[in-house]
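The values are calculated or read from the model by the stated rules, or taken from the named source; none is laboratory data. Predicted, not measured: the structure shown is a model, and the values here were computed from it. Calculation scope for accessible area: heavy atoms of the full protein, side chains included, ligands and nucleic acids excluded. Shrake-Rupley method; radii C 1.70, N 1.55, O 1.52, S 1.80 Å.
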Amino acid sequence: ETIREMGVVLHIIGKPKEALQNWLQALEIFQLTNNKDSEAITTTHIGVYYKAGGKPFKALEYYSKAVVLAEEPHNKSEKANSLNNMGNVYMDNLADYGEAINYFKQALEIKIELGELLFQAPIQANIGICYKNMGDYGEAFKYISKAEKIYVKLDNQGERQKSLSEIAALYS
């Protein structure tokens, strides 16, 4: 766990190659000890590395593995995180908004089931942005408005302002 978290710190401070080395080392240990939960989390981190490095298909490969790994220990939250990350790849890197929405909605369903409100808002916003990019402003408004309402509940003014800005852009 410590090796994996050291990788997270290295990633945050801008040392992605060193982060990857830590994550690969941690992954090997988790595989040897049959720790599927930690293996899923670490596999997701490796996907983050590849997405940030401009390798979306490699990222998707790792996120897909993480989804499967998270099912074995029934870690629904991590499964949703990986599904959300897959949606981000389709939205940000591949501009396949329909596919992004598919993954975002799967992640959102799990986050709603688990009551993880903090994670629901950005997923709602991403779904809205995908609809906006597809030209479906009515659906975009619906999802971005839901995100804005959640940010009000969470008292997150910065993210609320972003949502309001997106809503204003829809009207424009």
Surface accessible to a 1.4 Å probe, per residue, for the residues of segment 116-172, Å² | 56
If one computes P(r) from the Cα atoms of the chain, what percent of pairs lie at distances over 24 Å?
-> 40
Helix 16-32 versus the longest principal axis of the chain: what is the Cα-based angle in degrees, 0 to 90, to the nearest 10?
-> 60
Taking Cα atoms, how many degrees apart are the long axis of helix 137-153 and the longest axis of the chain, rounded to 10 and kept between 0 and 90?
-> 70
Per the helix-only model, the chain has a calculated mean residue ellipticity at 222 nm (DSSP H runs of ≥4, -39500 (n - 2.57) each, divided over all residues, rounded to the nearest 500) of -27000 deg cm²/dmol
For segment 88-102, take each phi angle, set θ = phi - 60°, evaluate the Karplus expression 6.51 cos²θ - 1.76 cosθ + 1.60, and give the result in whole Hz per residue in order, putting x for glycine and proline.
-> 4, 4, 5, 6, 7, 9, 10, 6, 9, 5, x, 5, 4, 4, 4
Probe 1.4 Å, all chains present, heavy atoms only: Met6 accessible area in Å², nearest 10, is 100
For segment 88-162, which whole percent of the accessible surface, found with a 1.4 angstrom probe, sits on carbon and sulfur atoms?
-> 49
With a 1.4 Å probe and every protein chain left in place, tell me how much accessible area Glu1 has, in Å² to the nearest 10.
-> 100
Ratio of segment 18-99's C-alpha Rg to 2.2 N^0.38 Å, to two decimals?
-> 1.05
Leaving ligands, DNA and RNA out of it, work out the accessible area of Asp155 with a 1.4 Å probe and give it in Å² to the nearest 10.
-> 110
With axes computed from alpha carbons, what is the tilt in degrees of helix 36-52 against the longest principal axis of the chain, rounded to the nearest 10 within 0 to 90?
-> 60
